[in-house]
Ligand code: GLU
């Protein structure tokens, strides 16, 4: 049975690129009847934070990335990693290294000076049992290193094709740090092995870790999973995603009023040339093929996401949208009108002012104030409104059409501006019945005030 995992480190909010990895894994599992495991890789104790973990889980749920198992937390499994490290020590495939930070730094600088890649020199590789004991007795801190075989590693990546690494790519890397906590490459392999992961799908930034993981797998006697490394999501300028590019994490997209289905749709089609672009979750699953994801990096296009969001807003029920916005159900008809044109929920909420606000937007005000006959028009129209009565939109339209001093081309716009306080918005005949009389009276008063001040 196919089994994948998503393994975030709780060192920050859920990045859009990582959310894409999560989604690809989910779609892959769902389209193959496999299962999806969530694993929290929190062994970087200094940078990991429980608050980030909850935020990541919340963002995954929001996005509809529902895991079948977990979350499994690596810090809850420390004894398992120690057990396996002890096995490697016992068989001589790992060894204790007592090199100090200063010594390692010295070795590193020496290598760089000689134009060599900075690799561990193997200084503690062949310590005798006596030397090891001696150092331990005096309480010298140590790490455990993997005795890496010096050989070329070649594997077939599901997206990159055949990838090969030369024998010196992997040095005797650390598997257990001096505080007893496992290093990333070790914990990942133990977990992927014991958890029966069949496919590891992740970003290309992990490609160079893969030979280390394959070596460990082979030594531990497990069968390595299939690996697939997809390209990363970068800004249009090829730099890591940041707020400058529109957003860098899921929380920002959510705050900007993008719907989860739009985010999933976008992340599920990035870098693919699809005939149909607006896809539901079911369609994403049905049309999923891992190979169609590019191995090369992709540019995050916020405008495209906004466009998809617009499409999904149109399909979403006003009931659901009013729930998301925390508005009572009376708002549904207003939302139904606005969702036709809003790019985000934030814009939609903001446009609700059309119906109940009394303010006028600057461009709307500027437009109205340029009309020579405005004073007369506003006075006549105001006369038609009272606390209990308001004219029909057709009457207002007729009145404006017959107003001397108002160009024909401006009739509709002025009607819109006076009733909604804005130059753009939903079809006026549909919006008009939903605008409160108080709102319109307020806007007319605002125009009057401006006119008498000028
Ligand atoms: N914890 C790693 C990360 O967040 C995941 C690596 C992996 O998928 O193997 O980058």
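Laboratory data are not the source of any read-out in this text; all were calculated from the coordinates shown. These numbers were taken from a predicted model, which means no experiment stands behind them. All Cβ positions, glycine included, derive from the backbone under ideal geometry; neighbour counts span all protein chains shown.
Bin by bin, in steps of 5 Å, what percent of the Cα pairs in region 128-194 do you find, going until the bin that has the longest distance?
Percent of pairs per bin, in order: 4, 14, 14, 19, 20, 12, 8, 4, 3, 2, 0.
Separation between the residue 358 and residue 296 pseudo-spin-labels, each 7 Å from Cα along Cα→Cβ, expressed in nm?
The modelled label-to-label distance comes out at 5.9 nm.
Rounded to two decimals, what ratio of Rg to Rh does the chain give with C-alpha atoms and a Kirkwood Rh?
Values: Rg = 31.4 Å, Rh = 26.6 Å.
Answer for the chain: 1.18.
From the P(r) of region 1-53, could you give the percentage of C-alpha pairs in the tail past 17 Å? If you can, show how the numbers build up before the last one.
Numbers: 557 of 1378 pairs.
For region 1-53, the share of Cα pairs beyond 17 Å comes to 40 percent.
For residue 90 and residue 238, what does the FRET efficiency come to when R0 = 45 Å and r is the distance between their Cβ atoms, rounded to the nearest 0.05?
Numbers: r = 47 Å, r/R0 = 1.05.
So, using R0 = 45 Å, E works out to roughly 0.40.
Over region 88-169, what number does the Rg to Rh ratio reach, with both radii from the alpha-carbon atoms and Rh per Kirkwood? Write out the running numbers ahead of the final one.
On the way: Rg = 16.1 Å, Rh = 15.0 Å.
In region 88-169, Rg relative to Rh is 1.08.
What is the helix-to-structure angle for 260-269, meaning the angle in degrees between its Cα long axis and the longest Cα principal axis of the chain, kept from 0 to 90 and rounded to the nearest 10?
The two axes meet at around 60 degrees.
Please compute the Cα-Cα pair-distance distribution of region 212-303 with 10 Å bins starting at 0, giving whole percents from short to long.
14, 35, 31, 16, 5
Among 22-34, 439-451, 151-163, how do they line up by average Cβ neighbours within 10 Å per residue, starting with the highest?
On the way: 22-34: 21.2, 439-451: 17.7, 151-163: 14.5.
The densest-packed peptide leads the list: 22-34, 439-451, 151-163.
Compute log10 of I(q)/I(0) for region 322-378 with the Debye formula, placing one identical point scatterer on every Cα and leaving out solvent, at q = 0.12, 0.15, 0.17, 0.25 Å⁻¹, to two decimals.
-0.41, -0.57, -0.66, -0.99
How much length is gained on full extension from residue 274 to residue 452, taking 0.36 nm per residue of separation minus their Cα-Cα distance? Mind showing how you got there, number by number?
Numbers: separation 178, 0.36 × 178 = 64.08 nm, distance 5.80 nm.
Between residue 274 and residue 452, full extension yields an extra 58.3 nm.
Which value, to two decimals, describes the C-alpha radius of gyration of region 130-275 once divided by 2.2 N^0.38 Å?
So the Cα radius of gyration is 1.38 times the expected 2.2 N^0.38 Å.
I'd like the distance separating the alpha-carbon centroids of region 345-423 and region 252-272, in whole Å.
The two parts, judged by their Cα centres, are 37 Å apart.
What do you get for the angle between helix 210-220 and the principal long axis of the chain? Use alpha-carbon atoms, 0 to 90 degrees, nearest ten.
The angle comes out near 50 degrees.
Find the percent of Cα-Cα distances in region 326-454 that exceed 22 Å, and round it to a whole number.
Numbers: 2705 of 8256 pairs.
Across region 326-454, Cα pairs with separations above 22 Å total 33 percent.
Taking 0.36 nm per residue of sequence separation and subtracting the Cα-Cα distance, how much length would be gained by fully extending the chain between residue 152 and residue 50, in nm to one decimal? Numbers along the way, then the final one.
Values: separation 102, 0.36 × 102 = 36.72 nm, distance 3.94 nm.
Stretched out fully, the residue 152 to residue 50 stretch lengthens by 32.8 nm.
So how compact is region 31-125: Cα radius of gyration and Dmax in angstrom?
Looking at region 31-125, its Cα Rg and Dmax stand at 19.9, 53 Å.
Place a label point 7 angstrom from the Cα of residue 330 along the Cα-to-Cβ direction, then list the residues of region 341-363 whose backbone nitrogen is under 15 Å away.
Zone members listed by number: 353, 355-357.
Where both residues lie in the chain, what percent of DSSP beta bridges are antiparallel, nearest 5?
Values: 14 of 29 bridges.
Around 50 percent of the beta bridges assigned by DSSP in the chain are antiparallel ones.
Which three extents, in whole angstrom, do the alpha-carbon atoms of region 263-305 cover along their principal axes, largest first?
Over region 263-305, Cα extents along the principal axes are 25, 23, 17 Å.
I'd like the orientation of helix 50-63 relative to the chain: the angle between its Cα long axis and the longest Cα principal axis, in ° from 0 to 90, rounded to 10.
60 degrees
Using square roots of five times the C-alpha gyration tensor eigenvalues, list the equivalent-ellipsoid semi-axes of region 266-357 in whole Å, biggest first. Intermediate values should be presented prior to the final figure.
Numbers: eigenvalues 203, 39, 17 Å².
Semi-axis lengths for region 266-357 are 32, 14, 9 Å.
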